Amino acid sequence: MTQLLEFPTDDGGTVTVEVSTAAGGVVVRGGDHSGMFARAQQTFERALGHIRPAVQGVIDELLSLEHRPDEVTVTFGIDLHAEAGAFIAAASTTSNFNVTLTWRRAPGTPRPGTAQPKADGFDSE
């Protein structure tokens, strides 16, 4: 069973998400749908801030590869919890990051904006 979880935002608005009731420990608001609607204990932005170090670490490591890709795509799920905030979703006992790296240039071709040697091996004219 699921319930709606309302996160306040830094600008005074709200974001409502559907969460599994297994999350437990939420503050339930009154109304006709008793137990079906809860309010998070922190803002949406603060909740997402909990995953920022993990996401930034993945991006930094992939962009530091010796043969840096032209494009990096990282896909992962985010679980939201009324008290704990956001965390990277797990499948069984592991967390999942799906990573796609794309190279669009032939090996040995310099990245755009880098100096390219002339046929004689010198950059000067």
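Values in this text are rule-based calculations from the coordinates and carry no lab data. Note that the structure is a prediction, hence the values are computed from the model and not measured. No Cβ is skipped: glycine too gets one built from the backbone with ideal geometry, and neighbour counts run over all protein chains shown.
General observations
- Distance between the pseudo-spin-label points of residue 20 and residue 62 (7 Å out from Cα toward the beta carbon): 2.5 nm.
- Length released on extending from residue 99 to residue 55, taking residue separation times 0.36 nm less the Cα-Cα span: 14.7 nm
- Taking 0.36 nm per residue of separation and subtracting the Cα-Cα distance, full extension of the segment from residue 89 to residue 72 would add 4.1 nm.
- Positive minus negative residues near residue 12 (Lys, Arg vs Asp, Glu; Cβ under 15 Å): -2
- A simple packing score, the average count of other Cβ atoms within 10 Å per residue, orders the peptides 77-85, 64-72 as 77-85, 64-72, with the highest score first.
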